[in-house]
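> Pasting a structure here, questions to come.
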Amino acid sequence: MAAFLGGAALAGESTGTVTGSVPLPDRVSTRIAVEKYSGSISGKVGTPQPGVAGVWLERPGLAAPASPPRFSLTQKDYQFGRSLLVVPRGTRVAFPNEDDDYHNVYSLSKGGRFDLGRYMRGAAPPPDMLFDRPGLIRLRCEIHEHMRAVILVVESPYYTVTDASGAFRLAKIPPGQYSLHAQADEKDHRIVTVTVSAGRTTTASFPASPARASIR
């Protein structure tokens with residue numbers, strides 16, 4: 001057992017960690033929860049998801065994992081289960097419906113146009129969608145205009161989503177120099193260079209302006 005614990009500690013010391021925070025844009029929602037064909041559904045809608053940002057690392061030669069994990073983005077209480085989902089390129093995403101009503105998930109984004117058609121809980125779900133082009137994919141529901149979410153497809157195995165305050169943590173990163181990306185929407189994409197050292201934590205601070213950032 002002692003030898004095993006020593007090996008685990010050594011493995012942890014061979015990688016580094018990146019932490020920090022991203023200034024999140026103000027999100028003032030004026031959307032009204034309405035069903036396109038039958039009127040208001042305001043009393044059925046759950047608590048809105050908080051605004052967050054996707055964070056990931058890139059460097060030359062770094063690619064998405066060969067076998068990306070499968071993700072699921074649920075529709076429940078007339079909203080998407082997450083406002084933003086970050087996935088590596090090549091990921092398949094399922095869109096289960098847990099409402100007793102029809103939803104119709106679609107996207108008109110250039111990097112991933114699709115339309116799943118109408119389906120409800122208990123019906124045969126549509127096939128998982130493959131996201132094989134890096135970029136930002138905006139999701140909508142054709143029936144419920146207020147339902148919105150984003151899938152951020154990245155060319156990296158090192159990615160995460162901030163919490164509602166903008167804080168993030170990327171762990172088990174091999175040492176080296178990387179471009180650290182943070183993106184909340186099409187107009188707010190920040191990039192800064194970070195150096196990861198074995199056994200150390202690098203703190204990245206993104207100030208208010210997307211054009212500047214500091215590392216310590």
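> Could you check region 87-102 and list, in sequence order, the residues that are over 23 Å from Y158 (Cβ atoms), surrounded by fewer than 17 Cβ atoms within 10 Å (Cβ to Cβ) and not hydrophobic (A, V, I, L, M, F, W, C)? Steps first, please.
Keep residues of region 87-102 that are over 23 Å from Y158 (Cβ atoms), which gives 94-102.
Filter once more, keeping what is surrounded by fewer than 17 Cβ atoms within 10 Å (Cβ to Cβ): 94, 96, 98, 100-101.
Hits for region 87-102 are P96, E98, D100, D101.
> Another question, if that's okay. So which residues in region 112-133 are of a type outside the set (A, V, I, L, M, F, W, C) and in contact with a Pro (Cβ under 9 Å, 6 or more places away or on another chain), if there are any at all? So that I can check it myself, show each step before the final result.
The initial filter retains those residues of region 112-133 that are of a type outside the set (A, V, I, L, M, F, W, C), namely 112-113, 115, 117-119, 121-122, 125-128, 132-133.
Within region 112-133, G117, Y119, R121, P125 meet the criteria.
> Of the conditions (1) over 25 Å from E35 (Cα atoms); (2) outside any strand (DSSP E or B), F168 satisfies every one except a single condition; which number is it?
Of everything listed in (1) over 25 Å from E35 (Cα atoms); (2) outside any strand (DSSP E or B), F168 misses just condition (2).
> Filter region 43-77 for residues that are charged (D, E, K, R) and assigned to a loop (DSSP other than H, G, I, E, B); which is surrounded by the fewest Cβ atoms within 10 Å (Cβ to Cβ)?
Filtering first and then ranking leaves R70.
> Something else about it: From the residues in region 54-97 that are touching a residue at least 24 places away in the same chain (Cβ under 8 Å) and aromatic (F, W, Y), which one is farthest from R113 (Cα to Cα)?
Filtering region 54-97 for residues that are touching a residue at least 24 places away in the same chain (Cβ under 8 Å) and aromatic (F, W, Y), the one farthest from R113 (Cα to Cα) comes out as W56.
> Among the numbered conditions (1) under 30 Å from R190 (Cβ atoms); (2) surrounded by 18 or more Cβ atoms within 10 Å (Cβ to Cβ); (3) in contact (Cβ under 8 Å) with a residue 40 or more places away in the chain; (4) in contact with an Asp or Glu (Cβ under 9 Å, 6 or more places away or on another chain), tell me where V105 comes up short.
All conditions are met except number (3).
> Of all residues in region 181-206, count the ones that are in a loop (DSSP other than H, G, I, E, B), within 21 Å of the chain's Cα centre (by Cα) and either at positive phi or surrounded by 13 or more Cβ atoms within 10 Å (Cβ to Cβ) (or both). Please lay out each step first, then the result.
First pass over region 181-206, keeping only residues in a loop (DSSP other than H, G, I, E, B): 186-187, 197-200, 206.
Cutting the leftovers down to within 21 Å of the chain's Cα centre (by Cα) gives us 186-187, 206.
Filter once more, keeping what is either at positive phi or surrounded by 13 or more Cβ atoms within 10 Å (Cβ to Cβ) (or both): 206.
Here the count works out to 1.
> Report the residue count in region 29-72 for those that are within 14 Å of R148 (Cβ to Cβ) and hydrophobic (A, V, I, L, M, F, W, C).
Residues meeting the conditions: 5.
> Continuing with the same structure: Taking into account only those residues within region 144-180 that are basic (K, R) and under 26 Å from T47 (Cα atoms), which is surrounded by the fewest Cβ atoms within 10 Å (Cβ to Cβ)? If you could, list the steps in order and put the result at the bottom.
Going residue by residue through region 144-180, those that are basic (K, R) are 148, 169, 172.
If we keep only those that are under 26 Å from T47 (Cα atoms) too, we end up with 148, 169.
On the way: R148: 16, R169: 13.
The qualifying residue surrounded by the fewest Cβ atoms within 10 Å (Cβ to Cβ) is R169.
> Here's another thing I want to ask about it. Looking at region 145-158, can you tell me whether even one residue there is among the aromatic types (F, W, Y) and part of a strand (DSSP E or B)? Let's see the steps before the verdict.
Of region 145-158, the ones among the aromatic types (F, W, Y) are 158.
Applying the additional criterion that residues be part of a strand (DSSP E or B) yields none.
No: region 145-158 contains no residue that is among the aromatic types (F, W, Y) and part of a strand (DSSP E or B).
> Can I ask one more? For a quick check of your reading of the model, give me the residue pairs whose first member lies in region 1-28 and is among the small types (G, A, S), whose second is modelled with pLDDT under 75 and surrounded by 12 or more Cβ atoms within 10 Å (Cβ to Cβ), with beta-carbon atoms closer than 9 Å and at least 6 apart or on different chains.
Listed by first residue and then by second, the contacts come to G20/A213; G20/I215.
The values are calculated or read from the model by the stated rules, or taken from the named source; none is laboratory data. These numbers come from a predicted model, not from an experiment. Note: ideal-geometry Cβ built from the backbone for every residue, glycine included; neighbour counts use all protein chains shown.
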